[in-house]
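Worksheet for the structure shown next.
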Amino acid sequence: MSSNTTTENAAAIRNVAIIAHVDHGKTTLVDALLKQTHTFSGHSSEMSQELIMDSGDQEKERGITITAKITSVQYQDTRINIIDTPGHADFGGEVERTLHMADGCLLIVDAQEGPMPQTRFVLKKALELGLIPIVVINKIDKPAARIADVEDQIANLFLELAVNEEQLQYHTYYAIGRDGKMWDHVPENAESSDADIEPVLKAIVAHVPAPRVGSGSGLQLLVTSLEWDSYAGKYVVGRIERGVVTTGQRVSLVSADGVVGDYSVGVVYTFSGLGKTEVASAGAGEIVAITGVKDAQIGQTVTDTETPEALPTIELEPPTLRMYLGPNTSPFKGKEGEFTTSRQIGDRLMRELETNIGLKVDQDGIGFVVQGRGELHLSVLIETMRREGFEFEVGRPQVVYQERDGETVEPFEEVTVDVPQEHA
Ligand code: GDP
């Protein structure tokens with residue numbers, strides 16, 4: 001889709017991250033938002049699909065978000081960019097970078113389960129970044145829903161994690177996401193009661209601030225994620241901190257060490273529904289995808305050529321697990337996959353490094369040592385490569401130790417186990 005529109009009015013934009021523990025209803029709720037804002041009018045095949053948002057195969061099967069995705073809905077005069085954030089600690093790098101694009105967050109909590117580890121993990125990061133939260137207690141139709149308890153638990157979580165007074169004044173909504181219904185109070189007879197999803201749209205416009213924009217006019221855009229397709233090559237996705245980006249504009253790519261190179265912007269896209277819309281230009285506060293900056297890496301800054309100033313990059317947590325991954329050396333080689341050589345596997349891993357920033361790869365003999373953020377992170381990679389037709393053997397995962405002040409330290413994870421009294 002192509003148009004000559006420009007979006008240079010930050011006041012008409014809201015950027016919200018959506019955060020939730022697995023299965024608390026994030027995907028269902030975003031689907032309802034898409035449907036009720038008529039994003040799909042005229043696209044009946046998409047309307048009838050059950051869960052529109054989890055697009056990767058493994059994301060559907062595992063029911064988790066792995067890479068951040070942006071969905072955009074129009075509500076009256078405001079365009080709302082909804083930033084889906086991965087909830088698992090293994091994708092922590094993604095979480096922080098993507099939250100950085102938002103000014104507010106929608107926290108979705110299951111009315112029966114209450115806040116869970118991932119609720120806490122992502123909320124903590126969101127509050128640390130100063131995002132304004134809106135709470136949605138979802139699935140209030142469940143017979144075992146315990147809304148008042150869950151509200152208390154959420155309040156305690158905020159008391160512990162909020163970094164300012166304003167974050168404690170959050171608004172709470174009650175939802176049956178599956179039916180596309182939402183209320184600003186606990187409804188008497190929820191399932192037979194008439195409602196729609198509008199309360200949350202209103203809340204976003206009213207409570208989430210318009211995007212903060214930097215002072216000055218020179219373009220600055222932090223490369224937050226990268227997408228790739230064989231048609232246009234690399235897409236740089238990020239939020240415009242200040243200035244304007246225009247089709248054909250000359251831009252500089254800047255890293256902490258200085259200018260990497262100059263490029264011409266190919267096409268500028270904003271997000272709409274689940275897809276992208278071509279625009280002539282876009283202004284500060286907007287989240288865009290642009291083509292043409294072919295060498296861009298996550299964490300670098302796209303700027304105008306006169307003021308090539310890098311934005312601070314987001315520190316990433318180091319890998320915690322490593323594993324050998326190399327060509328199959330057994331006599332049965334070549335039975336399971338099409339791509340089997342060290343070279344093919346190496347090229348594929350190098351390509352992965354372009355977009356998977358928590359990952360590290362080093363040559364080890366004919367194979368490679370792959371380091372990642374955890375078992376889930378590495379297993380998703382292995383499974384993705386198998387499905388693409390790669391055959392390889394893997395070693396046992398091993399912990400990555402670090403040297404700190406002359407001492408060897410080991411990464412650890414905090415685990416909380418809740419069990420009923422009789423099993424304690
Ligand atoms: P996500 O992992 O957070 O994206 O969760 P999903 O949106 O995939 O939902 C997880 C499950 O909860 C699905 O089986 C949904 O049908 C179900 N679900 C979503 N919303 C509701 C709701 O309001 N009530 C009930 N009872 N189930 C819901």
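Of the residues HIS100, HIS207, the one with the fewest other Cβ atoms within 10 Å heads the list, and the complete ranking is HIS207, HIS100. Put in line by how crowded their Cβ is, counting other Cβ atoms within 10 Å and starting with the fewest, SER72, SER230, SER255, SER193 read SER230, SER193, SER255, SER72. Using a Cα-Cα cut-off of under 22 Å, which lysines could be cross-linked to LYS124, ignoring same-chain neighbours fewer than 8 residues away? Excluding near neighbours in sequence, the set is LYS26, LYS69. Build a GNM of the chain with springs between Cα atoms under 10 Å apart, and of THR320, THR384, THR291 the one that fluctuates most is THR384. Backbone geometry of region 176-189 corresponds, through the Karplus equation with coefficients 6.51, -1.76 and 1.60 at θ = phi - 60°, to 3J(HN,Hα) couplings of 10, x, 4, 9, x, 10, 8, 9, 9, 9, 6, x, 4, 10 Hz, x marking Gly and Pro.
Eigenvalues of the alpha-carbon gyration tensor of region 349-409, scaled by 5 and square-rooted, set the equivalent ellipsoid semi-axes at 24, 13, 12 angstrom, largest first. Packing here is the average count of other Cβ atoms within 10 Å per residue, and on that basis the peptides 101-114, 138-151, 365-378, highest first, run 101-114, 365-378, 138-151. Between the listed residues THR270, GLY177, GLY395, the Cα displaced farthest toward the positive end of the dipole of the chain, a dipole computed from Cβ unit charges relative to the Cα centre, is found at THR270. Under the convention that each Lys and Arg Cβ holds +1 and each Asp and Glu Cβ holds -1, the size of the dipole of the chain around its Cα centre is about 960 debye. Using a cutoff of 8 angstrom between alpha carbon atoms and counting only pairs six or more residues apart, the relative contact order for region 336-418 works out to 28 percent.
When each of the peptides 265-274, 14-23 is scored by the mean number of other C-beta atoms lying within 10 Å of its residues, the order from highest to lowest reads 14-23, 265-274.
Taking all Cα-Cα distances within the chain, those exceeding 41 Å account for 19%. Structure remark: mean-square fluctuation, Gaussian network model of the chain, C-alpha springs under 10 Å; the largest value among VAL135, VAL400, VAL122 belongs to VAL400. Farthest towards the positive end of the charge dipole of the chain, among the residues SER72, GLY261, VAL163, is the Cα of GLY261, using unit charges on the Cβ of Lys, Arg, Asp and Glu.
Mean residue ellipticity at 222 nm from the helices of the chain, using -39,500 (n - 2.57) per DSSP H segment of n ≥ 4 over the full residue count, to the nearest 500 deg cm²/dmol?
Details: 10 runs with 98 residues, N = 424.
Using -39500 (n - 2.57) per qualifying helix, the result is -6500 deg cm²/dmol.
Distant-in-sequence amide contacts of GLN112, defined by a placed amide H-H separation under 5 Å and a gap of 5 or more residues or a different chain, comprise ARG146. When you restrict to C-alpha pairs under 8 Å that are six or more residues apart and normalise by the size of the chain, the relative contact order lands at 15 percent.
Taking the Cα centre of region 341-396 as reference, the dipole from Cβ charges on Lys and Arg (+1) and Asp and Glu (-1) amounts to some 60 debye.
Calculated over region 301-424, the projected area of the Cα convex hull averaged across directions stands at 14.3 nm².
FYI, it's all coordinate maths here, none of it is from the lab. Treat the numbers as computed from the prediction; the structure is a model and nothing was measured. Note that each Cβ is placed from the backbone with ideal geometry, even for glycine, and that neighbours are counted across all protein chains shown.
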